[in-house]
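The structure appears right after this line, and notes come after that.
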Amino acid sequence: MSLFGAAFGRQIHSFAQAYPGARDCTTAAMNAAIEDWFRLYFDREVTDTEDPCQRLPYTVVSKLSRSCFAEYRAAAEGGDAFVGGVLAGLETVRKKAMQLALIGGEAWLKPVPGPGGFAFTVMRRDMVTVLGRAPDGEVTALGSAELAMENGKFYTLLERRSLDEAGRLVIENRLFCSWDGQSLGNPVGLSALPRYAALEPKAVVGDVGGLGLVSLRLPLENCVDGSPDPVSVYAAAAGLIHNINRNERQLDREFDHGESRVFASSDLLDKRKNGRPVLPPGLFVGIDDDIANTGVTVFAPALRQESFLARKREYLRNVESLIGLKRGILGEVEAAQRTATEVTSSQGDYSLTIQELQQMWESAVRRALVLCGRLGRLYRVPGAFVPDPARAVRIDWGNGVLFDRDREWAELMQLVEAGLLKPELALAWKYGLPWDTDADLARVRRQLMPGETAAENS
């Protein structure tokens, strides 16, 4: 259930009561899907129909996130203090932000300026109501909720972000208080809680190029309703995951009941007998039969463990295919069950999946630098400036699952030796230096090719 559902007693449209004219632009099908994705990720409770003990969404998100950042490094070009401070703030939330984006399809980095620079919080998809989207899918207005409890009371801070006609960011804040936490309650002043006392009911921040947030959007086509809303990394496999959970619950019952099954006439199961409680569901299977055949018959088939496990393995292989995981990463499929073509294909799909996630995060980092520069000027953060996003930061993804850095370097050196590539370009690639202009190449020669520099000077 989304945070808005909890705050508004499951009535998401109640946001409009706090902000007249605000309307959730997400379809009912998407809201239901988003709720299901987060429930699949966090759910641990066994029900009569499903057992989520395998925690497949957690496994998928964890493996993708770890693979993505296995050898990640980011550093400010030239050691700039402001850029370095922004990168340090991002470092504290990058894993959380990536995981929440994988779960909900979209998450937002929210920069918070302070005396020492910028800190970041992460807004997850089920904690916001999208009030508007541009044709490219970017959010143009949204509402968010933050819950707090103090002195036995439940406080809900509602924040609405939108753009005025001049393109300036407008932030509106309203605080509500209730005794039960099941509804918004009554509006109170922002000073009712010290943490919100410095907030303004309505503030025109200025032109920061958007809503003052950096979005992380999964590059997946919407498979729920075709809308611009992005989808979870396991959206296409959600039905299979539910089937696996049901399969697990059925297998649990097989072991709980042993090899025996008891079939009884239906009239034995529809009410209590002699004040005794009804036996657990699933132990008896009701059948309609002739009244003369009422009674109890014991039927004992062989335990169907192998058939359940075979079906589960097939489900896991299908989940891997839908998400783009490497074959065997969930099901631990034996090598004998895979051909060489299947191995190569699955590794290629997995590499492409990781690469797309890395590109998503790198784009977010560069956009965050620009946003923090603009916000820093507005809030007079020391040393703030708007950097060139392409040159301000060096991001290195290391020698991980995507490519072999040593092999790439050897191939570049072959090109240099053959006279097909300037050595400055090879060195710039190796050390993550810019090479776009003649000045960039001259800097590489000065720093890394002293012999060439001396020859030029002579």
### Wholly within segment 130-214, strands (runs of 3 or more DSSP E) carrying at least 1 residues that are farther than 30 Å from Val386 by Cα
139-150, 153-163, 169-178, 186-188
### Task
Could you list, in sequence order, all residues of segment 397-415 that are within 32 Å of the chain's Cα centre (by Cα), at pLDDT 75 or above and surrounded by 15 or more Cβ atoms within 10 Å (Cβ to Cβ)?
Trp397
### Task
For residues that are of a type in the set (Gly, Ala, Ser) and under 19 Å from Gly114 (Cα atoms), scanning just segment 347-390, find the one that is most open to solvent (accessible area, probe 1.4 Å).
Gly383
### Task
Among the helices (runs of 4 or more DSSP H) lying completely within segment 15-122, list those that include at least 2 residues that are within 13 Å of the chain's Cα centre (by Cα).
28-42, 56-68, 94-104
### Message
Suppose we filter segment 124-148 for residues that are farther than 21 Å from Glu172 by Cα and open to solvent by 10 Å² or more (accessible area, probe 1.4 Å); how many remain?
### Response
2
### Task
Check off (1) more than 17 Å from Gly78 (Cα to Cα); (2) part of a helix (DSSP H, G or I); (3) modelled with pLDDT of 80 or more for Ala428 and give me the number that stays unchecked.
(1)
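To keep it simple, each residue is scored yes or no on (1) modelled with pLDDT under 60; (2) open to solvent by 30 Å² or more (accessible area, probe 1.4 Å); (3) in contact with a strand residue (DSSP E or B) (Cβ under 7 Å, 6 or more places away or on another chain); (4) within 22 Å of Leu316 (Cα to Cα).
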site	(1), (2), (3), (4)
Asp229	no, no, no, no
Ala238	no, no, no, yes
Glu248	no, no, no, yes
Lys271	yes, yes, no, no
Gly286	no, yes, yes, no
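The values are calculated or read from the model by the stated rules, or taken from the named source; none is laboratory data. The structure displayed is predicted, hence computed values, not measured ones. Counting neighbours? That spans all protein chains shown, and the Cβs are built from the backbone with ideal geometry, glycine included. To get the accessible areas, we keep the full protein, side chains included, count just its heavy atoms, and leave off ligands, DNA and RNA. Shrake-Rupley method; radii C 1.70, N 1.55, O 1.52, S 1.80 Å.
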